[in-house]
1. Would you mind telling me which numbered condition in (1) under 20 Å from T60 (Cα atoms); (2) in contact with a strand residue (DSSP E or B) (Cβ under 8 Å, 6 or more places away or on another chain) D35 fails?
2. Could you list, in sequence order, the residues of the stretch 22-35 that are assigned to a helix (DSSP H, G or I) and either of a type in the set (D, E, K, R) or within 27 Å of I7 (Cα to Cα) (or both)?
3. Any chance you could count how many residues in the stretch 16-35 are on the phi < 0 side of the Ramachandran plot and loosely packed, with under 10 Cβ neighbours inside 10 Å?
4. Do the conditions hold for A49, that is, is it touching a helix residue (DSSP H, G or I) at 6+ places or on another chain (Cβ under 8 Å) and modelled with pLDDT of 90 or more?
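The values are calculated or read from the model by the stated rules, or taken from the named source; none is laboratory data. Note that the coordinates shown come from a computational prediction; the quantities given were computed from them, not determined experimentally. Cβ placement follows ideal geometry from the backbone for every residue including glycine, while neighbour counts extend to all protein chains displayed.
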Amino acid sequence: MDAHDLIRVLKEVPECRLRLIELAWEAVGDDGSIDPEKLGFRRKELEEAIAEAEAYAQATRGAVQCLTSMDHSLP
């Protein structure tokens, strides 16, 4: 894969909107801090969102490693 192929592939990657961020915004209390009670009501959804964010982070680290190795192999 050369740089042009990589750029083409990266342009096809859709934007990722992590549910974890949305849940955090929904759990903000009146004073602007995270309200543990609000999170407690959505515990299962929160656990799934955390797993999703961790998988996204792992995939991102893999992409960074791939790009870094490609960069080091360029003349």
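1. (1)
2. Step one: of the stretch 22-35, the residues assigned to a helix (DSSP H, G or I) are 22-26.
Matches in the stretch 22-35: E22, E26.
3. So the first thing to find is which residues in the stretch 16-35 are on the phi < 0 side of the Ramachandran plot, and the list is 16-31, 33-35.
From the residues that got through so far, the ones that are loosely packed, with under 10 Cβ neighbours inside 10 Å too are 17, 25, 30-31, 33.
So the answer is 5.
4. Working: touching a helix residue (DSSP H, G or I) at 6+ places or on another chain (Cβ under 8 Å): yes; modelled with pLDDT of 90 or more: yes.
Answer is yes for this residue.
Listed here are the residues, each with its yes/no results for (1) free of Cβ contacts under 8 Å to residues at least 24 places away in the same chain; (2) outside any loop (DSSP other than H, G, I, E, B).
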{"site": "L10", "(1), (2)": "yes, yes"}
{"site": "R17", "(1), (2)": "yes, no"}
{"site": "L20", "(1), (2)": "no, yes"}
{"site": "E37", "(1), (2)": "yes, yes"}
{"site": "E47", "(1), (2)": "yes, yes"}
{"site": "Y56", "(1), (2)": "no, yes"}
{"site": "A59", "(1), (2)": "yes, yes"}
{"site": "Q65", "(1), (2)": "yes, yes"}
